[in-house]
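K.L.:
Attaching a single structure in structure tokens format; questions to follow.
The values are calculated or read from the model by the stated rules, or taken from the named source; none is laboratory data. Quick caveat: nothing in here was measured; it's all calculated off a predicted structure. No Cβ is skipped: glycine too gets one built from the backbone with ideal geometry, and neighbour counts run over all protein chains shown.
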Amino acid sequence: MARLLADRPADALTIGDMARQLGHSHGAVRNAALTLVRRGEADQSGSGQPEFRANAKTAAAAQRAVISPPGTHSPRAQTATACTTYTAAAAPKQTGPIRRAGGQLYHPRELADLPDVEALNRLRDADVPVLLYGPPGTGKTSLVEAAFPDLLTVAGDGDTTVGDLIGEYTQDDAGAYVFQYGPLVTAMTEGRALLIDDATLISPKVLAALYPAMDGRRQIQVKAHKGETIKAEPGFYVVAGHNPGVHGAVLTEALASRFSVQIQIGTDY
């Protein structure tokens, strides 16, 4: 990671950019990039989609000895380590506060013997969608923002339309109509995490536009834009929020079945 940044000192690279060049998962690249930033060996900028750039210490970090011994990344070695990577004992206990994109600090809580941000990252790496449910103010959105620096968010309500998710035609400064892609398409094409907040306030007919992106097809058709087919890049991930006590919130069977892991968030601390 440090070598890639050091070789391109003038460029600001996103997690997706680096993952494509290095051939590693978005989760692994994200963790490595944030580690470099914490050690002062790289700089981070941007709020919604963070970008990383080399600084004066990056080149020196790139000269360090290779951590993995020869053969570590052979197929046999990968198979041998796959069973141990996701054990609680091997997990890095990130219990200290995490600075979210807006600058606020998030204090991780315990979830299944792991810091909750680590648990969500492991679920993302395994491509297991998560539904977080609980009353307002319990830190559902804060948790997702802390776990996924590349997050895009859709604030759901009864007026949310398919266009709000996929995109729609808008008028530019010259008066021409151009198609503006929505957050779902952006998250799919850039391999980013997408939070559907208050998903159960959105009409089931609107949410149905999301489902093909979450199942084995991992693609959607943008009927409003020449029937274009959008395919999800590696790293694309969906997490949803549900407030059961809010008037009008309905957790349909179709929505619930898309989230094989559902986590109750009962308190902020």
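K.L.:
Could you tell me which residue of the stretch 194-208 is surrounded by the fewest Cβ atoms within 10 Å (Cβ to Cβ), considering only residues that are of a type outside the set (D, E, K, R) and assigned to a helix (DSSP H, G or I)? Explain how you work it out, then say what you get.
P.N.:
Taking the stretch 194-208 first, the residues of a type outside the set (D, E, K, R) are 194-196, 199-204, 206-208.
Still in the list and also assigned to a helix (DSSP H, G or I): 199-201, 204, 206-207.
Details: 199: 28, 200: 23, 201: 21, 204: 12, 206: 19, 207: 21.
Filtering the stretch 194-208 for residues that are of a type outside the set (D, E, K, R) and assigned to a helix (DSSP H, G or I), the one surrounded by the fewest Cβ atoms within 10 Å (Cβ to Cβ) comes out as 204.
K.L.:
How many residues does the stretch 180-193 contain that are in a strand (DSSP E or B) and more than 21 Å from residue 143 (Cα to Cα)?
P.N.:
Taking the stretch 180-193 and keeping what is in a strand (DSSP E or B), we get 180-181, 193.
This time we only want the ones that are more than 21 Å from residue 143 (Cα to Cα), so: 180-181.
So the answer is 2.
K.L.:
Yes or no: residue 249 modelled with pLDDT of 90 or more and either buried (at least 16 other Cβ atoms within 10 Å of the Cβ) or part of a helix (DSSP H, G or I) (or both)? Quick ask: steps written out before the conclusion?
P.N.:
Details: modelled with pLDDT of 90 or more: no; either buried (at least 16 other Cβ atoms within 10 Å of the Cβ) or part of a helix (DSSP H, G or I) (or both): yes.
When the stated conditions are applied, residue 249 does not pass them.
K.L.:
Look through the stretch 209-244, keep the residues that are in a strand (DSSP E or B) and of a type in the set (S, T, N, Q), and return whichever of them is nearest to residue 122 (Cα to Cα).
P.N.:
Per the criteria, the residue is 219.
K.L.:
Quickly run through the stretch 149-163 and pick out the residues that are of a type outside the set (Ser, Thr, Tyr), more than 17 Å from the chain's Cα centre (by Cα) and not in a helix (DSSP H, G or I).
P.N.:
As a first pass, look at the stretch 149-163 and keep what is of a type outside the set (Ser, Thr, Tyr): 149-152, 154-159, 162-163.
Among the residues that remain, those that are also more than 17 Å from the chain's Cα centre (by Cα) are: 156-159, 162-163.
Those that are of a type outside the set (Ser, Thr, Tyr), more than 17 Å from the chain's Cα centre (by Cα) and not in a helix (DSSP H, G or I): 156, 157, 158, 159.
K.L.:
Follow-up question, since we're still on this one. Within the stretch 113-148, how many residues turn out to be in a loop (DSSP other than H, G, I, E, B), surrounded by fewer than 23 Cβ atoms within 10 Å (Cβ to Cβ) and not charged (D, E, K, R)?
P.N.:
9
K.L.:
Taking the criterion of being buried (at least 18 other Cβ atoms within 10 Å of the Cβ), on the phi > 0 side of the Ramachandran plot and either assigned to a strand (DSSP E or B) or touching a Cys at 6+ places or on another chain (Cβ under 6 Å) (or both), would at least one residue in the stretch 164-179 satisfy it?
P.N.:
So the first thing to find is which residues in the stretch 164-179 are buried (at least 18 other Cβ atoms within 10 Å of the Cβ), and the list is 164-167.
The next check asks that each one be on the phi > 0 side of the Ramachandran plot; those that pass are 167.
Next cut, either assigned to a strand (DSSP E or B) or touching a Cys at 6+ places or on another chain (Cβ under 6 Å) (or both) only: 167.
Yes, the conditions are met somewhere in the stretch 164-179.
K.L.:
Residue by residue through the stretch 99-121, note down the ones that are more than 13 Å from the chain's Cα centre (by Cα) and either over 21 Å from residue 238 (Cβ atoms) or among the acidic types (Asp, Glu) (or both).
P.N.:
Correct list: 99, 102, 103, 104, 105, 107, 108, 109, 110, 113, 115, 116.
K.L.:
Among the candidates 6, 19, 61, which residue alone is in a helix (DSSP H, G or I), modelled with pLDDT of 90 or more and small (Gly, Ala, Ser)?
P.N.:
Step by step, each of 6, 19, 61 is checked, and only 6 is in a helix (DSSP H, G or I), modelled with pLDDT of 90 or more and small (Gly, Ala, Ser).
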